[in-house]
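**Student:** Before we start, here is the structure in question, set down as structure tokens.
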Amino acid sequence: MVRRPVAWVTALVLLAEAIGVALLNWFLGVVVDRQDMSLAGLDSDTMAVSSKIGGLVFGLYFVACAVSALLVGVRDRAPGLVGRVLLISAAVVHALLGAFTVGLVGWGAFVFMMVVLGLIVFTLLAYDRREAGPADAAPPGGGGDGEGLRREDGAGQGAGQGGAVDLGKDAGDGRHGDGRHGDGRHGDGGTTVVPPPAPSPS
């Protein structure tokens, strides 16, 4: 299956993005601090600290997304609730960044963002939480066949029991018939000749 390698690649790309975003914001903060620049009257120290904090926050966010994708690839199963939320939010962020970077950076950055977006979406769709495992998956119509087999087995058992009863009845009938028709001991006793009584003297 290609879904595990894709999940690993997604984790590596997100980890690289986390490092890149953190370093970029840290570099911008250092530049603002050294150049003593100001924007709309904001203090340069405040801008530098904000840029560094933002870089760390976004870096940790992408690291968490990378860890979620890595766990998906290692476990080879769908992410949990937290991991799914992180990956979905990462997909939304990359879609928005792709739309913004077209005019600011160029089509190269847009293509990169769309590639990362595709990796994240594929990772989410390839692992369906509702998919059943091989042991849990029942073949189509398996329940009906099993019920049919159980019914047939039950019918066979009933037929066997009925047949035994019928055989018993037949055997009993044979035994009774033998008794009635005098076949054997009963027959011999019924055909014994008894001599007539002697006449009395007159």
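**Student:** In the full protein assembly as shown, how much of residue 46 is accessible to a 1.4 Å probe, in Å² to the nearest 10?
**Tutor:** That residue has around 80 Å² of solvent-accessible surface.
**Student:** Roughly how many Å² of residue 112 are accessible to a 1.4 Å probe, to the nearest 10?
**Tutor:** Roll a 1.4 Å probe over it and residue 112 shows about 100 Å².
**Student:** Take the Cα radius of gyration of the stretch 1-107 and divide it by 2.2 N^0.38 Å, with N its residue count; two decimals is plenty.
**Tutor:** The value comes to 1.29.
**Student:** Further question on the same structure: Could you work out how far apart the two model spin labels at residue 85 and residue 43 are, taking each label as a point 7 Å from the Cα in the direction of the beta carbon, and quote it in nm?
**Tutor:** 3.4 nm
**Student:** Any idea what the relative contact order of the stretch 20-95 is, in percent, if you count C-alpha pairs under 8 Å spaced at least 6 apart?
**Tutor:** RCO, the stretch 20-95: 27 percent.
**Student:** Could you size up the charge dipole of the stretch 1-129 around its Cα centre, putting +1 on the beta carbon of Lys and Arg and -1 on that of Asp and Glu, and report it in debye to the nearest 20?
**Tutor:** 660 debye
**Student:** Rounded to the nearest 10 Å², what accessible area does residue 53 have for a 1.4 Å probe in the complete protein model?
**Tutor:** Using a 1.4 Å probe on the heavy atoms, I get roughly 90 Å².
**Student:** Moving to a separate point now. On a 1.4 Å probe surface of the protein chains, which of 61, 127 comes out largest in accessible area, and what is the full order?
**Tutor:** So the residues, ranked largest to smallest area, are 61, 127.
**Student:** If the chain between residue 92 and residue 105 were fully stretched, how many nm would it gain, using 0.36 nm times the residue separation less the Cα-Cα distance?
**Tutor:** Using 0.36 nm per residue and subtracting the Cα-Cα distance, I get 2.8 nm.
**Student:** Still on this structure, please answer the following. Tabulate in residue order the Karplus-calculated ³J(HN,Hα) for the stretch 108-117, using 6.51 cos²θ - 1.76 cosθ + 1.60 with θ = phi - 60°, rounded to whole Hz; enter x for Gly and Pro.
**Tutor:** Here the 3J(HN,Hα) series is x, 5, 5, 5, 4, 5, 6, 5, 5, 4 Hz.
The values are calculated or read from the model by the stated rules, or taken from the named source; none is laboratory data. Note that the coordinates shown come from a computational prediction; the quantities given were computed from them, not determined experimentally. Cβ atoms come from the backbone with ideal geometry, glycine included; neighbour counts cover every protein chain shown. Accessible surface areas use protein heavy atoms only, side chains included; no ligands, DNA or RNA. Shrake-Rupley method; radii C 1.70, N 1.55, O 1.52, S 1.80 Å.
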